[in-house]
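Beneath this line is the structure, given in structure tokens, with notes to follow.
What follows is calculated from the coordinates using simple rules that are stated; it is not laboratory data. Computed from a prediction, not measured in an experiment: that's the story for all the values here. Here the Cβ is made from the backbone with ideal geometry for all residues, glycine too, and neighbour counts use every protein chain on show.
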Amino acid sequence: MDEALLWEPLEGNKVRCNLCNFRCAIPDGKSGICKVRINKSGKLYTLLNSYVSSWALDPIEKSLFTTIIQGALSFHLEHGGVISVVVVVKIMKFPD
Ligand code: SF4
């Protein structure tokens, strides 16, 4: 279990997680809404560091980039429950 990024200590051994918009105030020994970040003795730890929870290759029409690159594919890699990385891949045809 590694120390999490993007958090701050609060009074009474609580911590504030700033990774996503929930901005959970987490008491000692408890986890945030996502259940993947836990407060241990006033320090925030992540349970999913370096763990890929899902990946997918999808038509670009399923992502937010439909008006930018028509006909491309997007690769989604998700880890830590809330962080997603999207790489846009354009399939090109070679001339015969
Ligand atoms: S839901 Fe998880 S990632 Fe989001 S603020 Fe709460 S503890 Fe942090």
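Please label the shape of the range 2-46 as rounded, prolate or oblate, based on the square roots a ≥ b ≥ c of the eigenvalues of the alpha-carbon gyration tensor (a/c under 1.5 means rounded; beyond that, a/b larger than b/c means prolate, else oblate).
Verdict is rounded for the range 2-46.
Provide the net charge surrounding residue 22, with neighbours chosen by a C-beta distance below 11 Å and charges set as Lys +1, Arg +1, Asp -1, Glu -1.
+3
Counting only other residues whose beta carbon sits under 13 Å from that of residue 40, what net charge do I get with K and R as +1, D and E as -1?
Result for the neighbourhood of residue 40: +1.
Take peptides 30-42, 5-17 and line them up by average Cβ neighbours within 10 Å, highest first, as a rough protection proxy.
Result, highest mean first: 30-42, 5-17.
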